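Peer 1: If you scroll down you'll find the structure; I have some questions about it.
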Amino acid sequence: MVSSSILCTVALALASIVGAAQYCDPVTTVCYSETKAGDLYVRVALPAVEKDPFDILMQIVAPKAAAGWAAVAWGGKMTKNPITVAWANGNQIVVSSRWADQCASWTADNAKMAINPNDTAAKFAYALAPTPPSQPANNASSIVKHTIHASFTVDLAAAKTEKFEDYVKALSSGRK
């Protein structure tokens with residue numbers, strides 16, 4: 001199991017791209033399953049596992065003009081689910097986990113919730129707003145209410161890769 005410091009690796013790329021079922025990042029060489037969700041592209045890679053716990057690599061790609069911040073809710077809605085929020089701070093990316101201590105599983109209302117790595121239509125939700133956080137360098141910064149939000153599904157079975165640990169090692173070492 002990878003250390004909790006990289007439990008949710010998220011990058012917010014502020015560019016326009018062409019969608020595809022699989023996307024291989026030309027800089028990191030990580031290959032993701034890619035889903036278009038409104039103005040966002042959400043890319044996910046996970047290890048070839050059958051059940052939780054497991055780590056997840058994720059990229060959130062948002063158009064700079066529309067996204068002062070962008071977020072993904074892990075359970076298909078905002079309430080009682082972990083949320084990953086990301087935004088640009090100059091040339092750096094700031095990531096904020098809200099109401100979360102794990103990516104693949106969590107507890108809500110005393111019940112265990114988990115992402116099924118075999119799910120071909122896992123429920124997620126996204127939100128974004130054009131206004132950046134009040135303190136962009138601070139990952140605990142307040143954010144304005146989203147102006148766009150919706151749910152979407154991700155084919156997690158297609159996101160599985162035997163190269164997951166290699167990807168994590170490369171990302172952790174800063175190797176490109």
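Peer 1: Length gain on complete extension for the stretch SER173 to SER134, per 0.36 nm per residue less the alpha carbon to alpha carbon distance?
Peer 2: Full extension of this stretch gives 10.9 nm more.
Peer 1: R0 = 41 Å: FRET efficiency of ALA21 with THR107, Cβ-based, nearest 0.05?
Peer 2: After rounding, the FRET efficiency stands at 0.80.
Peer 1: Give the shape of segment 4-173 as rounded, prolate or oblate, defined through the alpha-carbon gyration tensor: a ≥ b ≥ c are the square roots of its eigenvalues, a/c under 1.5 means rounded, and otherwise the shape is prolate if a/b is larger than b/c and oblate if not.
Peer 2: The shape class here is rounded.
Peer 1: If each of SER151 and ALA48 carries a label point 7 Å out from its Cα toward its Cβ, how far apart are those two points in nm?
Peer 2: Once both label points are built, they end up 3.2 nm from each other.
Peer 1: Hey, which aspartates and glutamates would be in cross-link range of LYS80, C-alpha to C-alpha under 12 Å, not counting anything within fewer than 8 residues on its own chain?
Peer 2: Of all the aspartates and glutamates, those that pass the test against LYS80 - Cα under 12 Å, at least 8 places apart if same chain - are ASP109.
Peer 1: If you don't mind, there's one more thing I want to ask. Run the numbers on segment 4-173 and let me know its relative contact order in percent, using alpha-carbon pairs under 8 Å that are six or more apart.
Peer 2: This gives 24 percent for segment 4-173.
No lab work stands behind these numbers, since they all come straight from the coordinates. Only a predicted model underlies this, so the values are computations on that prediction, with no experimental measurement involved. Note: ideal-geometry Cβ built from the backbone for every residue, glycine included; neighbour counts use all protein chains shown.
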